[in-house]
Structure formats: structure tokens, C-alpha cells
Amino acid sequence: MPSSLTEQQVYEWLKDVVDPEVPVLTIMDLGIVRQVSVSGQGADTAVKVMITPTYSGCPAMDVIAIGIRMALVSHGIRNIIIEPQLSPAWTTDWMTEEGKVKLKAYGIAPPNRKAFQALGLFEEDKVSCPRCGSGDTELVSQFGPTSCKALYKCLSCKEPFEHFKCH
């Protein structure tokens, strides 16, 4: 453990903690790490990490907390506090651009608009296929394998794909 640990160093370590549901993304790509604080020095160093779930009740948060704890312990930190922050609610606007590029390369269509740009009553997101790039796609189900994703199919290349819903 560094003799004088900084918040920036902790943020760097957290870049290695992956999301268990979309393992191509880190928790930093998702923007769920809201704040890191470091107090004390040496053996008395304490690290507090505040995280916001992508959805209230997200089942991955326990696994993410374990990943954060493991990352910090591997750097000699023993006094670790992981605290949920539910307000403000997480939004896809907090995702990094690099994270969105990783999603697309992985075959998941990234969010395609800002969360505050609400859709009309019967309007649907215009989602491009992450494989062929076609905009000729169709919503199959509003609910995918996780609550943060929807299922689509491409009418051009005929491939099914997931879309990380904007919220």
C-alpha cells in the first residue's frame, strides 16, 4: 500500500473492476462510482467508495461490491466501506464514451440518446445494429436478459442483438 494513498490512485484501481453482467465494461465505464474518499495513513488508511446501481435492486451490485473490495485488498487496503448512493438515480448519461464503444464492439447497441430526451407516447428508440450498422431494426422485447437491456433484431443482417436501454 502506498504510504500516502490518494483518491486518484483508488479510481485507477477501480478501472480494473468489471461489471459481472457485461464483462467488457468496467464500473468506471458505467459511471456507477460516484465518489471515493481516503482517510488516515499507513495501517489506518480507510477507503470509502460510493456506488449507484444502474437499477434499484440490481442483483449485480453485491458482486460489484465484492470486486471493489478485492481490488482494494489486493493493494493492501483493509478498512473498506462500500456505500450505495441511490439519489440521484443512475442514468446512461454517466456512461463513458469509451464504454459505449466497448458495448458496440461487444455486440450490444449502446444508449443512443440522452436520458432527458424523452420519447413520445408511442415512439420507440431508433437503434442501429451493432453488427452491420443498419438502422432497419425492430424491437422484439422491452426486457432482455437483464433489466437494463432490451432485445432487438436487425432486419438487414437478420441477427438478434441487445440494446442497453437509455434511462
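Quick note: the coordinates plus some simple rules give every number you see, no bench work behind them. Given the structure is predicted, the values throughout are model-derived calculations rather than measurements. Here Cβ is always computed from backbone atoms with ideal geometry, including for glycine, and neighbour counts include all displayed protein chains.
Here segment 37-91 was treated as a single set of alpha-carbon atoms; its pair distances binned every 5 Å from 0 give 5, 19, 27, 21, 14, 10, 5, 0 percent.
Could you state, as a whole-number percent, how many of the C-alpha pairs of the chain are farther apart than 29 Å? That tail contains 28 percent of the Cα-Cα pairs. For the chain, no complete DSSP H run has alpha carbons reaching 24 Å or more along its own long axis together with a mean Kyte-Doolittle score of 0.5 or higher.
Asp125 label point, 7 Å along Cα→Cβ, cut-off 20 Å on backbone N: hits in segment 11-54? The answer is 19-33, 52-54, whose backbone nitrogens lie closer than 20 Å to the label point. Local charge for Val38 was computed over the other residues whose Cβ lies under 10 Å away, with Lys and Arg +1 and Asp and Glu -1, and equals 0.
Think of segment 1-43 as a dipole: +1 on every Lys or Arg Cβ, -1 on every Asp or Glu Cβ, centred on the Cα centre; then among Val17, Gly42, Ile32, Gly42 lies furthest on the positive end. For a straight C-alpha distance cut-off of 25 angstrom, the lysines reachable from Lys114 (same-chain residues fewer than eight places away being disregarded) are Lys15, Lys100, Lys102, Lys104, Lys126, Lys149, Lys153, Lys165. For segment 70-155, the Kirkwood hydrodynamic radius from C-alpha pairs, put into Stokes-Einstein at 4 °C and a viscosity of 1.567 mPa s, yields a diffusion coefficient of 83 µm² per second.
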